[in-house]
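Below: the structure, in structure tokens.
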Amino acid sequence: GIGRDLRHDPAVGGIVVNARDVTERRRVEEEMLRLAAFPRNNPNPILECGPGGAPVYVNPAAERLLRELGVGAPAGFLPPAHPELVRACLESGEGVRDVEVRVGARVFSWTYQPDLPVETVHLFAEEVTERKRVEERLLHGALHDSLTGLPNRLFFMERLGQAHARARRPGGETLAVLFVGL
């Protein structure tokens, strides 16, 4: 509260105190500080981009990753269609998930989430390099012989299906299959 000594003023002859309950304001301020710490302390890259796609906020994890990857600007680890994705999110009001970007040997999955009242899009990244390696190994194992590493019957059938689809298109290729039993 704020107090003024007005004992010398004959019209008042006392002390005037103005007090205001600031409990709610303090609670909101503390909540805002706590929420502001989430992107700052998050170990994954988080960016906030304006309508044109330019970053207006880059969290410390994203800054560290930019240095680690040796790319100077966030565009170096964002999807090539980043400006279009930002525009689409702001126009539709819908987010976009699982936009993968390969930077060297590393793979990142981006989520775009629009914040329409302030016309920005929040971007959240997760490194999925190891998961992609496991998926590639599993796919290779499913389509190749484990002993010889040569393509297996499933691989052949998949490629045959693709070739057949190409041959059925107007002006498509001619397809022939030769079976030799040894």
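The values are calculated or read from the model by the stated rules, or taken from the named source; none is laboratory data. Values in this document were obtained by computation on a predicted structure and should not be read as measured data. As a convention, Cβ positions derive from the backbone with ideal geometry for all residues, glycine included, and neighbour counts pool all protein chains shown. Ligands, DNA and RNA are excluded from the accessible area calculation, which covers all protein heavy atoms including side chains. Shrake-Rupley method; radii C 1.70, N 1.55, O 1.52, S 1.80 Å.
So here's what we get for this one:
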{"quantity": "Phi-based couplings in Hz for the stretch 156-169 (Karplus 6.51, -1.76, 1.60; Gly and Pro marked x)", "calculated": "4, 5, 5, 5, 5, x, 5, 5, 5, 4, 5, 5, 7, 5"}
{"quantity": "Å² per residue, accessible surface of the chain at 1.4 Å", "calculated": "73"}
{"quantity": "Under-5 Å amide H pairs with LEU6, H placed in peptide plane, nonlocal only", "calculated": "GLY14, ILE15, VAL16"}
{"quantity": "Computed magnitude of the charge dipole of the stretch 1-66 (debye, nearest 20; Cβ of K, R +1, Cβ of D, E -1)", "calculated": "100"}
{"quantity": "Overall Cα dimensions of the chain - principal axes, largest extent first, Å", "calculated": "120, 40, 29"}
{"quantity": "5 angstrom amide H check on HIS144, placed H, neighbours 5+ away", "calculated": "ASN152"}
{"quantity": "Value at 222 nm in deg cm²/dmol, rounded to 500, when DSSP H runs of n ≥ 4 in the chain each add -39,500 (n - 2.57)", "calculated": "-12500 deg cm²/dmol"}
{"quantity": "Cα lying deepest toward the dipole's positive end in the chain, options PRO10, GLY76, VAL180, charges on Cβ", "calculated": "VAL180"}
{"quantity": "For the stretch 1-56, convex hull of alpha carbons as volume per residue, Å³", "calculated": "149"}
